[in-house]
Each structure stands twice: as structure tokens, then as C-alpha cells.
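The values are calculated or read from the model by the stated rules, or taken from the named source; none is laboratory data. Since this is a predicted model, take the numbers as computed values, not measurements. Don't worry about glycine lacking a Cβ; one is built from the backbone with ideal geometry, like all the others, and counts go over all protein chains shown. Note: accessible area is taken over every heavy atom of the protein model, side chains too, but ligands, DNA and RNA are not part of it. Shrake-Rupley method; radii C 1.70, N 1.55, O 1.52, S 1.80 Å.
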Amino acid sequence: MADVISGDDYVTKNGSYLYAGKELDWPSVKSFITHNEGRARKFKALYDLYAGDHAILKEPRDPKSARPDNRLVSNWANYVVDTYVGYFIGKPPKITLDEEASNQQLQNWFSENSFIDKLAEVTKQVAIYGCSYMPGYQDENSKTRVAVVEPSSGFMIYDTSINRKPLAFVRYSYFNNQLQGDLYNADGIRPFTSSGFTGDKDSKPFGTVPAIEFVANDERLSLVGKIKTLVEAYDSAFSQKANQVAYFDAAYLAILGINLKKDKNGDPVLDIDKNKVIYAPNFDSTKGKIEFLSKPDGDTMQENMLNRLKDDIFQTAMVANLSDEAFSGNSSGVAIRYKLLAMQNQAAFEVRKFTIALRNLLGALLGLGQIIGTVDDGDKIKQDLNFHFNQNIPEDIASEVQAASAVEGIVSKETQLGLLPFVDDPKAEIKRMQDEQVEQMKQALKFSPSATDQVKGAEDNGEEEPKKQ
């Protein structure tokens, strides 16, 4: 199901933009921008929740009220997002090519573009907004670059086919209330303003849309969006508790049935308001008394409410509360994994989404030939990409080594080494092991009693062993 925005422009229930026409024109692009501006208010509310600028701080105050008006913010949204992002991509993912020379060029490009840092920013935006975008472009030196765009400043437009193929990516912003931006499609990058498209398309097209949308799930549900009402309820309950503590902080003295000395105006010689006194001289004088009023105690109920809200926040977000007592002590690696199971399941789903997105993006960028040299087929090179996401959790090294040792002779050496969390690149590790074995053989030969003086001399001089005739 999709709702009509205007003409051939549609938006689906999960927020995807669809275009049913033949060629995307300026009126449709403007229509999509106008619609996305409406969604930008929701994105700002989610960002404010993450940044600590919560709704409770913006509520009007009653100038006539004498009651305390504390506005406390418990930034659980920030904690949940940062905890999950640190878990998901705290250890940089490994993105490699099988061919060694091409892989080295790819790693150099990652370093030059701070690609892993930008990928971490994408992950955080997905956690806050539910989606994020990474477009590629050619800079003024004709070098391939990537950028990160928030959903409040960009969006993808898809066709109406069953595959939902990307038609274009739109990046825009307003300066001095003037619209400006770029349309990215298979033919190039085309700038526009409020009046429409301006200038020619980029002369170096990628042959496909050089941008990709990252999501954690097809519904584009963000971590912050899922816990928004719970966090706001926690703020309200916590602030109300602080208000009650402040309101009942000073005890009231009740003077009942006892006449105090009065001044010439007939008022008690006592500042009733300043000293927080309740004075009732006409109370049954035979039962006159002076006592402090007891404060109402709702602390248990309030604490139960706050604890329930906190638990619901983490359960709804499917993120572990690392400050919880369940994580105290020296837990084994297996026990910790069970406690992180919900977060692991969520991360595994997101890994699949990110792998597809990265394969499509890097395939488009590598196909241009600027990163690893001339490439004839971008679709082929993207299939050669390898992705390995390694979540950032405490490791039980002894157990991991034991598990890897148990599969000796059952699986390949590369697979066996891949089970060890401290081995980032099994192929490179195998090469180092082979080099060490060769070196050990040379040393053994050198100090062997049967070694000739010529062999020993060659080793001492750093020369290769002479070949036998």
C-alpha cells in the first residue's frame, strides 16, 4: 500500500518514496522535498531526545504556582544509542577483496576517506532516525569520495517494480530560506535550486545511483523512536518525585488549641509563613497540642514506577543495560553472551541489511575505476567483496582458543583462525605462520651439524641458500 503525494509521487507505509512516472522531473522532486520537510519535524524530535533536549524542558511553567517545578532529564535515549552503536561497530568491520593488490588499494581508500568513521556515524543515525544515507561523488581532483546525509536532509526515490530499484537520491538544504541541493542518478549529479534544475549533469556518471540507504529493518524503526514515550514518562515521573521531595522538605509545625501572644494588630507574634506553621487557636482548647506534621510517603510506589519504566526502556530497545547488577562479577563469556542475546539478534539482522547496502554502494563506486584501477564490471567486483562484522563484547579468550583447537583437522586453517576474535585477517595470519615456518627451517639448517660452511656463510650474509647442482 502507498499513499499518493502528488501525481506519480507516492509514499509507502514504511516511509519509502516511489515514483511511477517515466522520467523523474522537477515538480516531482519538489513534491518529495515538501513531503520530507514534514517528516523532518519528527526527525528533530528524535534527535532532541538523543541530545537531551527533552519535551519536559519545553512545557510551559505556571508563574502563579508556589509548588516546586523541577524539570529533570534522564537521557536513556543517549545511553541506549551509544551502547548499541559501540557494541555493533565499536570494533571496525573488515571489508576486503580477495585479490591482494586490489585489497590494499581499497584499504588505502578507506583510510583516506575515513570510511569506517563515517560508517559509525551512519550506524548512529540509523539508531536515532531509523535510516541514513551515504552518497558517493567525485571531488574537484576527480577522486571518489563519500559523505553521510541525515534523513532530514536527503532521501531515496525508488521505482514501483517489485525490486524497488533506486531511481535517484536527493540531497538538499536551506540557506537564507533558499533551497539548494543535488539530484544523484545513474546519469550523473544534477544541482537544483527553488526554481528547478540548474546547469548540466556531472560529466562522470557512475552508471547507477551512487548512493545507498541504510536501515536496521524494513519498517525503519529506530531505537529512539521505540522508547520515546517511555523516556518521556520516566522524565515526568522522576521530576514529579523531585518536586514532592522539595515540597515536603520542610516540616510544618501545627499549633492547635493554644493561644499565642498577639501584637497590637491582633496577629500572633510569629511569622506563620516564614516558619511554616499551621496555627489554629480555636481548636478544642482542652486538647491543645504542638506537633510536627508527618510527611506523606509515596517513595516505594515512585521507585517501583521508575524501575519498571527503566526496565521497559531497555527491553523495548532490545539493548542490554550494562550497569545492571546482572553484569557484575566475573561472568563467563558464555553467560555474557546469553545476557546480550537480544542485542545480538538485533545486530545480526542489521548486519545483513548493512552488508547488502555496502555491497551495492561499493560496487557502484569501485565500478568507476578510480579506487582500485580500471574495472569493467561493477556488478562482478561487488561480488568479490568480503564483509566481516565483529561485535564489541568482552571475550573469553581461553574458551575461544579451546573452541578453535577442537576443530583442528575438521575445517580449513583459515576457518579455524576465523574463530579467534583477536585474528582480524585469517589469510594474513596464515601467511605470517608460513613465513615463520620458513624462517625456522632456515635457522635449523644453519645450525645443523651437517650444514656446510657455504650455507652458514650465506645465512650470515643474509643471502639465499645456494642451490644444489
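Data overview
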item	result
Region 1-36: number of residues that are surrounded by 13 or more Cβ atoms within 10 Å (Cβ to Cβ), closer than 27 Å to ILE227 by Cβ and either hydroxyl-bearing (Ser, Thr, Tyr) or more than 21 Å from the chain's Cα centre (by Cα) (or both)	6
Matching entry among VAL231, VAL245, VAL209, VAL170 (being outside any strand (DSSP E or B), in contact with a helix residue (DSSP H, G or I) (Cβ under 7 Å, 6 or more places away or on another chain) and among the aliphatic types (A, V, I, L, M))	VAL231
Candidates LYS94, LYS44, filtered to the one that is closer than 30 Å to ALA2 by Cα, among the basic types (Lys, Arg) and touching a residue at least 24 places away in the same chain (Cβ under 8 Å)	LYS44
In region 11-44, the residues that are over 12 Å from PHE192 (Cβ atoms) and of a type in the set (A, V, I, L, M)	VAL11, LEU18, ALA20, ALA40
Contacts under 8 angstrom Cβ, first residue in region 413-433 being without any contact (Cβ under 8 Å) to a residue 12 or more places away in the chain and over 14 Å from HIS388 (Cα atoms), partner open to solvent by 40 Å² or more (accessible area, probe 1.4 Å) and among the hydrophobic types (A, V, I, L, M, F, W, C), 6 or more apart	none
LEU179 being over 25 Å from the mean Cα position of the chain (by Cα) and open to solvent by 20 Å² or more (accessible area, probe 1.4 Å)	no
Leading residue by the ranking (modelled with the lowest pLDDT) among those in region 186-205 that are open to solvent by less than 30 Å² (accessible area, probe 1.4 Å) and closer than 19 Å to ASP139 by Cβ	GLY188
Matching residues in region 296-338 - criterion: being farther than 23 Å from ASN392 by Cα and modelled with pLDDT under 65	PRO296, ASP297, GLY298
Selection count, region 363-392, where residues are modelled with pLDDT under 85, open to solvent by less than 30 Å² (accessible area, probe 1.4 Å) and within 26 Å of the chain's Cα centre (by Cα)	0
Test set (1) open to solvent by 50 Å² or more (accessible area, probe 1.4 Å); (2) in contact with a Phe, Trp or Tyr (Cβ under 9 Å, 6 or more places away or on another chain) - GLU100 fails condition number	(2)
Flag for LEU49 being crowded, with 17+ Cβ neighbours inside 10 Å, over 16 Å from the mean Cα position of the chain (by Cα), farther than 23 Å from ILE212 by Cα and not β-branched (Val, Ile, Thr)	no
